[in-house]
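Derivation of every value follows stated rules applied to the coordinates shown; laboratory data play no part. None of these values were measured; they are calculated from a predicted model. With ideal geometry, Cβ positions are generated from the backbone for all residues, glycine too; neighbour counts draw on all protein chains shown.
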Amino acid sequence: MNKLFSLSFYTENNKKNIPKLVSGFTLLELLIYISILSILVVVVSSTFISLSKGRGQSQARSEVDNSIRFVSELLRQDLKNASVVSSPSLTGDLNSTPILTLTRGGVVIIYDVLNGSIRRKEGGASPVNLTNSNISVNTPTFTRIENSNSSFLTKNVSIKIYITFNYKSTGSDWIYATSLQTTVNLYSNN
């Protein structure tokens with residue numbers, strides 16, 4: 001117990017008894033640790049940012065592609081079963097832009113664009129939005145293509161469809177746009 005509380009004085013004879021001071025880190029060691037920690041934080045945060053950006057682009061691409069598939073399949077079914085396909089005519093809604101009018105089974109179907117959303121109106125029913133609020137559609141173009149074969153006295157009629165779909169986003173990570181370009185054969189006359 002005596003040794004615990006005894007003081008030792010520095011002399012040449014008792015160099016061994018000098019307690020070594022164990023202090024914290026040196027300034028150089030602390031700077032090295034902070035540098036390594038900073039590098040790790042930068043690497044981890046950039047990885048999270050990249051993952052978030054990739055997730056955003058993936059979600060935007062998925063929503064746009066789903067809209068394209070839905071709209072193209074509905075257009076394809078309506079056009080294949082249509083008896084009459086005509087160019088746009090002015091409808092009662094002056095805010096919308098009519099893009100395609102067709103008759104299927106005696107019912108008039110009108111496709112139009114209102115506020116960047118493509119809509120479908122069947123008969124006297126209210127128009128139904130075919131795209132969600134995250135998707136913007138530029139005014140589509142429909143081109144009638146007729147091919148006549150005088151040897152067989154046939155006439156093939158097709159409609160070429162071109163629509164651009166954009167994902168609406170304020171962030172640059174979620175920007176995505178793509179176009180639907182397809183041709184639908186309507187019918188052939190003999």
Notebook entry, point to check: With a Cα-only, solvent-free Debye model of the stretch 149-190, what are the log10 I(q)/I(0) values at q = 0.33 Å⁻¹?
Noted result: -1.04
Item checked: Net charge over other residues, Cβ less than 10 angstrom from the Cβ of Val108 (K, R count +1; D, E count -1) -> +1
Checklist line | Gln59/Glu29 FRET efficiency (R0 35 Å; Cβ-Cβ; nearest 0.05) | finding: 0.15
Checklist line | Within-13-Å neighbourhood charge of Glu63 [Cβ basis; K, R +1; D, E -1] | finding: +3
Next item on the list: Just order 176-182, 63-69 by mean Cβ neighbour count inside 10 Å, highest at the front, would you?
Entry: 63-69, 176-182
